[in-house]
Amino acid sequence: MEVITKSNYQEMSLLAAKYLLDTVKGKSDAVIGLPTGSTPLGMYSAVVEEYRKNTISFQNVKTFNLDEYIGLIKTDENSYYNFMNTNLFSHIDIKKENIHIPDGMTGDVKKECTNYENKVRQAGSMDILFLGIGKNGHIGFNEPGDFFEPYTHEVQLKQNTINANSRFFENIHDVPTTAITMGIKTILSAKKIVLLAEGESKAEAVAEMVNGKITPRLPASILQLHDNITVIIDKKAAGNL
Ligand code: GLP
């Protein structure tokens, strides 16, 4: 696991954006896995800034988001669909049909999970997949538990995840309790993984991920098995290393 510690969030975000931009510059039809959350916001705005300089096109790029809440309509301000549109997709020339996000409003969650998994596979391996990390060590919405779920699946969110994500909602009771997420094998199938973490609140999870035993109790620890992963963190997130 390569760990790069940057002195601040801005530098982290610029480096992460460089990984994304270089992937697309090297392969115009790259397949990219994308996260949501506060952490990748700086990366997305750096990508948009570069796009505005007319140096890059996303016309042939395909994206796959890691996860989506179940039960929020696409236009809900907290849906990951809306997040991606607001922070990235509406600002670049990506084609609508090349954007993939699990459908959290599906009437058949099982079928949607299978379809999503198949779509990821049919696109070929993701050339690069960006991840954040939850305070409890989750990746995507793969929550701590007794075993690793390999494929795209429905997940029951842990109370600490609901508490952490409630900061975006008016009322904690509005936070969905279930979600659809790529599974661990789906995540590990990416050719390259870049994980971002910022701030003291992530320090413990980052240290466990990098130096701890591989355990489903801290899902990100499984990333130790990936051969091409770069972890980009700020000094505070590196505090326990
Ligand atoms: C959410 C997302 C994860 C993300 C995590 C951390 O639960 N499902 O993909 O990595 O939160 O988010 P943040 O970057 O806001 O700390």
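The values are calculated or read from the model by the stated rules, or taken from the named source; none is laboratory data. In this text, all values refer to a predicted model and were calculated from it rather than measured experimentally. As a convention, Cβ positions derive from the backbone with ideal geometry for all residues, glycine included, and neighbour counts pool all protein chains shown. All accessible areas refer to the heavy atoms of the entire protein, side chains included, with ligands and DNA or RNA removed. Shrake-Rupley method; radii C 1.70, N 1.55, O 1.52, S 1.80 Å.
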Here the residues within the stretch 77-107 that are more than 16 Å from Gly140 (Cβ to Cβ), within 15 Å of the ligand (Cβ to nearest atom) and in a helix (DSSP H, G or I) are Asn82, Thr86, Asn87
Of the residues in the stretch 33-66, those that are in a loop (DSSP other than H, G, I, E, B), polar (S, T, N, Q), surrounded by fewer than 23 Cβ atoms within 10 Å (Cβ to Cβ) and within 16 Å of the ligand (Cβ to nearest atom) number 1
Residue hits (the stretch 20-45; touching a Lys or Arg at 6+ places or on another chain (Cβ under 8 Å) and either polar (S, T, N, Q) or within 15 Å of Leu88 (Cβ to Cβ) (or both)) are Thr23, Ala30, Ile32
Just a yes or no: is a residue in the stretch 82-103 aromatic (Phe, Trp, Tyr) and within 23 Å of Leu196 (Cα to Cα)?
-> yes
When the stretch 67-76 is checked residue by residue, the ones that are more than 12 Å from the ligand (Cβ to nearest atom) and either touching a residue at least 40 places away in the same chain (Cβ under 8 Å) or open to solvent by less than 50 Å² (accessible area, probe 1.4 Å) (or both) are Ile70, Gly71, Leu72, Asp76
Considering the stretch 123-138, residues that are near the ligand (Cβ under 7 Å from one of its atoms) and hydrophobic (A, V, I, L, M, F, W, C), and then whichever is farthest from Thr178 (Cα to Cα), we arrive at Leu131
Only one of (1) in a strand (DSSP E or B); (2) more than 14 Å from the ligand (Cβ to nearest atom); (3) not hydroxyl-bearing (Ser, Thr, Tyr) does not apply to Lys185, and that is (1)
Checked the stretch 108-123 for anything open to solvent by less than 30 Å² (accessible area, probe 1.4 Å) and either free of Cβ contacts under 8 Å to residues at least 12 places away in the same chain or assigned to a loop (DSSP other than H, G, I, E, B) (or both); matches are Ala123
In the set Ala164, Ala190, Ala203, the lone residue that is touching a Gly at 6+ places or on another chain (Cβ under 7 Å) and modelled with pLDDT under 95 is Ala164
Practice prompt. Please indicate, with yes or no, whether at least one residue in the stretch 157-171 is closer than 21 Å to Tyr80 by Cα and away from the ligand (no atom under 14 Å from the Cβ).
Written response: yes
Within the stretch 140-153, is even one residue in contact with a strand residue (DSSP E or B) (Cβ under 9 Å, 6 or more places away or on another chain) and open to solvent by 60 Å² or more (accessible area, probe 1.4 Å)? yes
The condition of being open to solvent by less than 10 Å² (accessible area, probe 1.4 Å), under 18 Å from Thr152 (Cα atoms) and within 16 Å of the ligand (Cβ to nearest atom) holds, among Ala190, Ala203, Ala197, only for Ala190
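Which residues, counting only those in the stretch 1-27, are of a type in the set (Gly, Ala, Ser), assigned to a helix (DSSP H, G or I) and surrounded by fewer than 19 Cβ atoms within 10 Å (Cβ to Cβ)?
As a first pass, look at the stretch 1-27 and keep what is of a type in the set (Gly, Ala, Ser): 7, 13, 16-17, 26.
Checking the rest, the ones that are also assigned to a helix (DSSP H, G or I) come to 13, 16-17, 26.
Across the stretch 1-27, the qualifying residue is only Gly26.
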